[in-house]
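Take a look at the structure set out below.
Coordinate-derived values only; no laboratory data. Keep in mind the model is a prediction, meaning the values are calculated, not measured. When we count neighbours, we look across all protein chains shown, and the Cβ atoms used for this are built from the backbone with ideal geometry, even at glycine.
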Amino acid sequence: MAWSKIGSLEERFQACDVPESITTRLSTKALVESIAKYPLNYLIFAYDNPLTAVQIIIDYSHLHQELQSRDDAISELTDLYSKSTIITDDNVDSQNSRIVLSYKDEMFLGYLLLFEITTKSIDINSGQILLKVVEDKILEESSQKEIFSDFFMTPLVAIKNCLQNSSPSGYRTPTTTIYTPLGHELVGYLYPEMSQSDIDSITREAAMQYSDATVLRPASNVYNCHSYAWYSDDPSNNIWLESHLNPYTSQLHYYWTYDYYEEWYEYNSTKATYMQSSPLQSHSARITPSGDYISKWRNGPLMQHSKTDCPYFTTEMHYYKTRYFPSNYINFTGTTVVLPGTTNYYSISNIDEEADPYDYDVTASFIVNPSQTPFTFTTINKATQTYSLQCNDYGAYKIRAEYERQPGYLFYGELLVICVGSRTMQRIQDENVTDLERFLRDNWDHISE
């Protein structure tokens, strides 16, 4: 079977596996040479933190596990790194015995060295040798910007900063605030785009690795999988959205916790998350009506693919669909777009003639955060099923009625009420907006106007 036809990541690791009985007999130099051209090195372009990709490869590769046990691993990695360069049309320099690697392999080697020095103690002499190698490579590559971009040099700069006890380059700081469809605040990041040569190289690599998948947009460093799947699929989207702010603080869960989406089965879902033990390994995708997946591969391209034909594990999947605000069975009448501080009246329009009105359970909630009550909900007349709602904060509210006609047969209905500013209310009227859920999702930043 051709390499590009092996879809799942698990199968690719199995295809590349070298038994321990062989790896233990290899010299450290031979291990390093094999690792430098390991077929799965492209994973550094698939995960938000390239060091996560390095850890995944170590976890699943006996070659890399064996290297971790060698005392001279740093020395041999440094030696090969000092001689390596990337493939171009005219850079094969046999006189200097340069080792020519592909774009992905050279970058992976840099990130592997960064992983080694950040997870292990390194002696002073080895650190000085590596620092000299890195400084020489930075000096050389900085003079050839047409070949070596700033993005390509990211691992070099990070290694230098780490060895000099400086702040590692590229660590992210919050730069903007974005919102879920119903108003939960999230932290977004803004990053510069890569060079065209980086974009071309990474796009070409993804297309070659997964020939059954389709490139929909070229590689990009300004948005990632979570941003595309959950925040916006618009080509102008330039937000990088982390799944977690730290290992204990999930951002993505706000999209399906008291918000616009709810967890569902794979069928009829529109979004999927590839959830693993570490938040850094998570991935998000949109699901098309035909069952194909569309996802952004870190700073790689936007790809259309099957669920398993991608650089992510599928051992734990979660699926989501748009939350449904039902109007069947129990229907409400009343104003759905209101101004803050105003009192509006609602009633059930189809009371069951055989039912006792007092058997109807009618409640209101603030959808953005049900634990808050920035509203006053009053029963005006239980016999006629009339109620009043005063919303005191901008956002989305829900009135829900339930009635159990007989055991096991629950009738229910929900009415979405949105509280907006006067200009936004006028806009809704002028544009004859009927899909309030979508309007709220697309215009959250301006609802108070």
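For the chain, the list of Cys residues with no other Cys C-beta under 4.7 Å reads 16, 162, 225, 310. Report, by chain and number, residues whose modeled amide H sits under 5 Å from the one on residue 86, excluding near sequence neighbours (fewer than 5 apart, same chain). For residue 86, the qualifying residues are 101. Cross-linked pairs 5/145; 5/321; 83/132; 5/104: Cα-Cα separations exceed 24 Å for 5/145; 5/321.
Per-residue 3J(HN,Hα) values for the stretch 301-316, derived from phi via the Karplus relation 6.51 cos²θ - 1.76 cosθ + 1.60 with θ = phi - 60°, read x, 8, 10, 9, 7, 7, 4, 9, 8, 6, x, 9, 6, 10, 5, 9 Hz in sequence order (x marks Gly and Pro).
Applying the Karplus relation 6.51 cos²θ - 1.76 cosθ + 1.60 with θ = phi - 60° to the stretch 4-21 yields 3J(HN,Hα) values of 5, 8, 7, x, 6, 5, 4, 5, 5, 5, 4, 5, 9, 5, 10, x, 4, 4 Hz, where x marks Gly and Pro. Phi-derived couplings, Karplus 6.51 cos²θ - 1.76 cosθ + 1.60 at θ = phi - 60°, listed residue by residue for the stretch 23-40: 4, 5, 8, 7, 5, 4, 4, 5, 4, 5, 5, 5, 5, 4, 10, 5, x, 9 Hz, with x used for Gly and Pro.
Under a 5 Å amide H cut-off, with hydrogens placed 1.01 Å from N, residue 217 pairs with 302 among residues at least 5 apart or on other chains.
A simple spin-label model places pseudo-atoms 7 Å from Cα toward Cβ; at residue 3 and residue 329 they are separated by 5.6 nm.
Proximity of backbone amide H atoms, modeled 1.01 Å from N, is registered between residue 411 and 403, 404, 405 at under 5 Å, excluding neighbours fewer than 5 places apart on the same chain. Compared with the dominant principal axis of the Cα atoms in the chain, helix 73-83 is inclined by about 80°. Partner aspartates and glutamates whose Cα lies under 18 Å from the Cα of residue 29, excluding those fewer than 8 positions away in the same chain, are identified as 20, 66, 71, 72, 76, 79, 105, 106, 116.
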